Amino acid sequence: MAGGFKVLEEFLGDSLDLPVRCLDGEVRTFHIPGPSAEDGLKVEKLMETGLRLASDPEATPDEAALDDLAELNLYEAALGDTYAELREHLDWPRFRHVALTAVVWISQGLDAAESFWNSDGAPSPQGPANREQRRASSRAAKSTPSPASRSGTSTPRATSRARKATQT
């Protein structure tokens, strides 16, 4: 199988590891596994519906997607087994930021989730870019040096298991 497809797990980011300062002042890294296929599809559908409604006030809501929301706790689906642990250790703003980062990761991918995480939760005004725009943006970001920390400290980046594997 020379030149064929690589094994998916070699490059797919199937989890997130997010560093967060908890209520006790300690910084913990929370491991968020990828959702089941069913939950992932529901999260994506809900995000598509929300983005469509936000961009077009006259659009009609997708009743099926909204019915799915009644069945599905969005944050629980996005956070999986980490949901209870996060509720125990975080206040609402931090919990919400972690949960929404996971939702962005599920619906738009790792790069969008990292941008959301590092932008203090400010969503992109135009919503998710198409694949070519995301690739161009990613190439530009990799070629632009990032500014140094002004505080003299550094914060660990949110990463996926696949990204970590390529870094070691």
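The values are calculated or read from the model by the stated rules, or taken from the named source; none is laboratory data. None of the values given here were measured: they were computed from a predicted structure. Here the Cβ positions follow ideal geometry from the backbone for every residue, glycine too, while neighbour counts run over all protein chains shown. For the accessible areas, the whole protein counts, side chains as well, though only heavy atoms, and no ligand, DNA or RNA atoms are used. Shrake-Rupley method; radii C 1.70, N 1.55, O 1.52, S 1.80 Å.
Laid out as a table, the results:
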quantity	calculated
Cβ pairs under 8 Å, 6+ apart, first in the stretch 46-62 and more than 20 Å from Ala77 (Cβ to Cβ), second open to solvent by 40 Å² or more (accessible area, probe 1.4 Å)	Ala59/Arg52; Ala59/Leu53
Some residue of the stretch 132-143 being at pLDDT below 90, within 30 Å of Arg28 (Cα to Cα) and part of a loop (DSSP other than H, G, I, E, B)	no
Scan of the stretch 28-39 for residues that are of a type outside the set (D, E, K, R) and not in a loop (DSSP other than H, G, I, E, B), ordered by number	Thr29, Phe30, His31, Ile32, Pro33, Ala37
Tally of residues being of a type in the set (A, V, I, L, M) and not in a helix (DSSP H, G or I) across the stretch 40-63	1
Matching option when the condition is open to solvent by 80 Å² or more (accessible area, probe 1.4 Å) and either among the small types (Gly, Ala, Ser) or part of a loop (DSSP other than H, G, I, E, B) (or both), among Gly25, Gly13, Gly3	Gly3
